[in-house]
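As structure tokens, the structure follows; a few thoughts come after it.
The values are calculated or read from the model by the stated rules, or taken from the named source; none is laboratory data. All values reported here derive from a predicted model rather than from experimental measurement. For neighbour counting, all protein chains shown are included, and Cβ atoms are generated from backbone atoms with ideal geometry for every residue, glycine included. All accessible areas refer to the heavy atoms of the entire protein, side chains included, with ligands and DNA or RNA removed. Shrake-Rupley method; radii C 1.70, N 1.55, O 1.52, S 1.80 Å.
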There are 2 protein chains.
Amino acid sequence: MRWTGEADTSGGVRERGFEVEVDGRVVPGILWLPRTVLRPPLEGRVDPRPLVLLGHGATRHKRIDYLLALAHGLAGDQGFAVAAIDGPGHGDRRAPGHDDEAALFGAFLAEWSRDGSTDDMVADWRATLDALGELDEVGDGPVGYWGLSMGTIYGIPLVAAEPRIQVAVFGLMGLVGPTRARMAADAASITCPVLFVQQWDDSLIPRTDAFGLFDAIASVDKRLHAHPGDHAAVPVEEVAFSAEFLARHLAPHAGEDGGGI
Amino acid sequence: MRWTGEADTSGGVRERGFEVEVDGRVVPGILWLPRTVLRPPLEGRVDPRPLVLLGHGATRHKRIDYLLALAHGLAGDQGFAVAAIDGPGHGDRRAPGHDDEAALFGAFLAEWSRDGSTDDMVADWRATLDALGELDEVGDGPVGYWGLSMGTIYGIPLVAAEPRIQVAVFGLMGLVGPTRARMAADAASITCPVLFVQQWDDSLIPRTDAFGLFDAIASVDKRLHAHPGDHAAVPVEEVAFSAEFLARHLAPHAGEDGGGI
């Protein structure tokens, strides 16, 4: 792992770009931390810092507005570490000529259909998690995952493969597309607490296919929150709830009273 | 309206029974208030106190555990007024011999099938609202409604008829039963913010019928929250969210910043 620039604390949190190399691929990412990362030991102990991984949607990138808002809330308000990486062909991994949303979406559909696409992105995330865990400012605290739409396509297999992830937010996806069988199989091995976000009038993901994916998740502790509107119309209320949901499960000592309500 | 006993503040809030007479029916209710109801005017004004009406489920009563928990949270933590009344044939309106849950449920099915059952319960609630509004401790502040299952059967027509109600929590119900057409028609005239609570494995209310009722509600600002489990297994998390949802919309000055997030 190498830093790709200096830390920027102008936004109220500490933000720094990084790159991780995985099987010859260069994976660009961002790490957000509270502005003040050095904490004096209190009564001889420091709780490990929770880490939240953010997966963006198709045609978006690691610093898209809703991820940035989540990162600022989780790092600034909760004191968590937060990281995002660009998906394959997205952000700083974009191929030349894929400059508009239609071209990006077409390229994503091709990538999604490629054998190995899911395994590669899972490997990218796991290498990122390994690298971040070695940083003094992050360490081996509890980990959460947040990713909707394409962030769920790759997030379901990641959470299924990664025992360090203890809570997840998924949604805007269903048992559709080239990896629907892989998603169903991996969902069946997920048992951590899950929030599943659905848009009730989603023109990309049929309602029953979204229900199919929600049903496939094996977690006993899961909930589905649906709001009117199309695919991208997730309200601020739900983004705020998702951050509270992650914080409730990841905050230091959260486990001591049962982890939640 | 007449009080049926002295106020009891032993539970941390002020609780007092009352009766309202409506068309010859005696409607028994409970009013909960913060323990200290007298508030000195601050800078020359006192915000009107929000009021939340709680509708219990079939075979339950106005002081069932989950209503009591809501009442304590909304009155004790939020400073709201909270009221519940017994449904027809329930609680202190129970007929002799209807002593077990099966007999109560049978009696409810007969009552639900009676022409005028919905209109009578709507009248009971509206007379209660009139009477409470005349109390100095309540006044004409914003009103919310919370009622699941039978509390939705009667709550949908109440909220449709009552312009004083500005926010509502419904759920555990669908377009089923003798009044399904009335519920559908009344839902179509509800436009206030709504939280709809659903149990994903509800053996009483088929999923698609619950979706039908959620879809029938005309509100643009609505959300459906579903949890695994049968009819009565609504988790504490969702009850807590419903209280926060009501508080967000009813708290003094809530409207000044848009009333929401």
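The table below lists the values:
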item	result
Region B:19-63, subset at pLDDT below 95, in a loop (DSSP other than H, G, I, E, B) and basic (Lys, Arg), residue surrounded by the most Cβ atoms within 10 Å (Cβ to Cβ)	B:ARG49
Enumerated helices (runs of 4 or more DSSP H) restricted to region B:64-172, each holding at least 3 residues that are modelled with pLDDT of 95 or more and under 14 Å from the mean Cα position of the chain (by Cα)	B:65-71, B:117-133, B:150-153, B:155-161
All positions within region A:86-96 that are under 21 Å from A:THR118 (Cβ atoms) and open to solvent by 60 Å² or more (accessible area, probe 1.4 Å)	A:ASP92, A:ARG94
From the options A:ALA83, A:ALA107, A:ALA69, residue that is out of contact with any Phe, Trp or Tyr (no Cβ under 7 Å at 6 or more places or on another chain) and buried (at least 20 other Cβ atoms within 10 Å of the Cβ)	A:ALA83
Search result, residues across region A:164-210 that are surrounded by fewer than 19 Cβ atoms within 10 Å (Cβ to Cβ) and under 30 Å from B:ILE217 (Cα atoms)	A:VAL176, A:TRP200, A:ASP201, A:SER203, A:LEU204, A:PRO206, A:ARG207, A:THR208, A:ASP209
Where a residue in region A:204-229 is of a type in the set (Asp, Glu) and its partner, wherever it lies, is crowded, with 18+ Cβ neighbours inside 10 Å, with Cβ under 8 Å and at least six apart	A:ASP209/A:GLY174; A:ASP209/A:LEU175; A:ASP221/A:CYS192; A:ASP221/A:PRO193; A:ASP221/A:VAL194
Qualifying position, being farther than 23 Å from B:ARG248 by Cα and not hydroxyl-bearing (Ser, Thr, Tyr), among B:ALA168, B:ALA103	B:ALA103
Residues (among the basic types (Lys, Arg) and on the phi > 0 side of the Ramachandran plot) located in region A:121-160	none
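One line per residue, one yes/no per condition, for (1) under 20 Å from B:GLN198 (Cβ atoms); (2) more than 10 Å from chain B (Cβ to nearest Cβ); (3) among the basic types (Lys, Arg):
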{"site": "A:GLU162", "(1), (2), (3)": "no, yes, no"}
{"site": "A:PHE170", "(1), (2), (3)": "yes, yes, no"}
{"site": "A:VAL176", "(1), (2), (3)": "no, yes, no"}
{"site": "A:CYS192", "(1), (2), (3)": "no, yes, no"}
{"site": "A:GLN199", "(1), (2), (3)": "yes, yes, no"}
{"site": "A:LEU204", "(1), (2), (3)": "no, yes, no"}
{"site": "A:LEU213", "(1), (2), (3)": "yes, yes, no"}
{"site": "A:GLY229", "(1), (2), (3)": "yes, no, no"}
{"site": "A:LEU246", "(1), (2), (3)": "no, yes, no"}
